[in-house]
Amino acid sequence: MQLIWDEFLKIIKEEAGSQVVETWFKAVYLKHWEATTKTVILQAPNQFVCNWIKNHYLNLIKTHLTRLLHTQEIKVEFTTLTQNEEKDKKNIFPAAPLINQKQETKQISSNHLPSVISTKNNLPTKKNNVFPGRLNGKYTFDSFVVGPCNSLAHAAAYAVSQNLGRVYNPLFIYGGTGLGKTHLLHAIGNEVKKNMPNLTVYYETSDNFINNFINSIRFDKHEKFRQKYQNLDLFLLDDIQFFSNKKQTQESFFHIFNLLFEQKKQIVFSSDTFPQEIAGLQNRLKSRLECGLVADIQTPDIETKIAILKKKADLHNIPASDDILELIASKSISNIRELEGALIRVGAFASLTNQPLTYKLAQKVLINFKENGNEQEDDTLILNKILKILSKHYSVSIPELRSHKRSKNIAAVRQISFYLMKKLTFCSLKAIGDFVGGRDHSTVIHAIDKIEKLIQQDPQFAKKLKIIEEEISLN
Ligand code: ADP
Ligand code: MG
């Protein structure tokens, strides 16, 4: 469940933005999945969060969880923490949106922006001079796999963590999406926290910085905003490309940078491009960003991809053999987040359907895994392949399968096509019905039920279907 929820959060982050995830979804978790009634139970910290999510994100939740749980038409129910549980959970969700409900309601109703959170409440209390919850404890140097693509960035990050403010200040790490920039920033933070717990370490994404800056202006708290940064020993600022065209934010940040830099406080940036290439960034800021060390991360080679997958399989307890990891690595996915997503999908599919994780199963799950974001095309590809192979095996033409002809033979093959499409793709029942000549989804459900029963009753039929399935997977 945790894996599914993590995967879900990643998708929401991409669709709705990290602020929405940080503000609302991080506080929620997938408590229970009741397969028989197709009901997902989500637990939120309080009624306020519950209602907000229900009113704004229910459709998103349904769409993505339906797909991730490989089912259809799920129901979503919410529960809130009882007071006792709330006490316990605080340790598990340190990054939960620490919402001051009254203030929050007031602000949100006037702005309709979930990101508008009291900065005061959004910052965890400053015990031992660290900000708990800001760092992801899993992103460490230990869990980072070093390969030719990232060795410079890794070495620089490690050196910085051992010599704060004394070498490579600022350190600027750049590279494409999902290649490990955020991981390295957290690794520096975690290492420093471990070795020097008294230092003040602060990680922040640039969009968070921008929001906090805007709020500080809106609520006339700019001086306070600035002071917060002045006292940091290590400032990790992620995805600075978001500062593009944000003139006032750049202005404010420029001063904060100078203050920290003059005091020899360490600053680490990440970005998806080289400083000079960030559009809409003041030149004086660009030159500050590159005055220390600029280190890049390239796309990983296949050996590094396999090594990373091994580490992730251990981390998520996914019993994937080496040949499965090689299969995943051989897909043309260079984004490591997506690579990890493919591994999680394979593991989740096996465990949710109670099947052993074999090479063949992995192949099936990955058959239409989106490569380079081309999910739609891949799905259509496999739907077409199913019709083509069935048409060959049963001597029925594809136009006949898509037609409204009801002759027994055609209808039976059509039903098999629904079954295979549901089994081998992540398409919704509606998409499947639409694809095969515009059938409604109850027709598709009925057909799938029928074929499932037939498989139980008729071993000969089951065997033939298996051969067809393999042919589709291997083609
Ligand atoms: P970016 O910030 O560059 O978009 P992230 O740091 O968020 O990428 O990395 C995406 C995912 O890939 C994370 O789960 C991260 O742990 C993992 N990852 C990236 N590079 C490595 C690596 N070299 N070793 C282990 N995990 C990695
Ligand atoms: Mg990142």
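Computed from the coordinates by the stated procedures, all read-outs in this text should not be read as laboratory data. Here the structure is a predicted model, which means the values were calculated and not measured. Here the Cβ is made from the backbone with ideal geometry for all residues, glycine too, and neighbour counts use every protein chain on show.
Some notes on this structure:
- Model label points for Leu315 and His404, set 7 angstrom from Cα along the Cα-to-Cβ axis, are 5.3 nm apart.
- Take the Cβ atoms of Ser287 and Ile217, set R0 to 30 Å, and the FRET efficiency comes out at 0.70.
- The charge dipole of the chain, taken about its Cα centre with unit charges on the Cβ atoms of Lys, Arg (+1), Asp and Glu (-1) only, comes to about 960 debye.
- Residue (of Gln230, Gly437, Phe349) at the positive-pole extreme of the chain, dipole from beta-carbon charges: Gly437
- The chain: angle of helix 441-457 to the longest principal axis, Cα-based, in degrees nearest 10: 60 degrees
- Close amide H pairs (under 5 Å, H built 1.01 Å from N) link Val76 with Val40, residues at least 5 positions away or on another chain.
- The stretch between Ile41 and Ala412 holds 129.8 nm of extra length on full extension. This uses 0.36 nm per residue minus the Cα-Cα distance.
- Straightening the chain between Ile302 and His255 buys 12.6 nm, computed as 0.36 nm per residue apart minus the Cα-Cα spacing.
- Sorted ascending by nearby beta carbons within 10 Å, beginning with the fewest, Val436, Val444 become Val436, Val444.
- FRET efficiency for Lys463 and Thr380, using Cβ-Cβ distance with R0 set to 30 Å, rounded to 0.05: 0.55
- Rounded to the nearest whole angstrom, the semi-axes of the ellipsoid equivalent to the chain, taken from the Cα gyration tensor as √(5λ), stand at 47, 26, 20, largest first.
- For Lys228, the lysines whose Cα falls under 23 Å of its own Cα, not counting residues fewer than eight places away in the same chain, are Lys120, Lys126, Lys127, Lys193, Lys194, Lys246, Lys247, Lys264, Lys265.
- For the range 239-252, the Karplus equation 6.51 cos²θ - 1.76 cosθ + 1.60, evaluated at θ = phi - 60°, returns couplings of 6, 5, 4, 5, 6, 3, 6, 9, 4, 5, 4, 4, 4, 4 Hz by residue, with Gly and Pro reported as x.
- Charge-dipole axis of the chain as Lys and Arg at +1 and Asp and Glu at -1 on Cβ define it, positive-most pick from Phe219, Gly147, Asn136: Phe219
- With coordinates expressed along the principal axes, the C-alpha atoms belonging to the range 299-435 extend over 53, 30, 25 Å, beginning with the largest.
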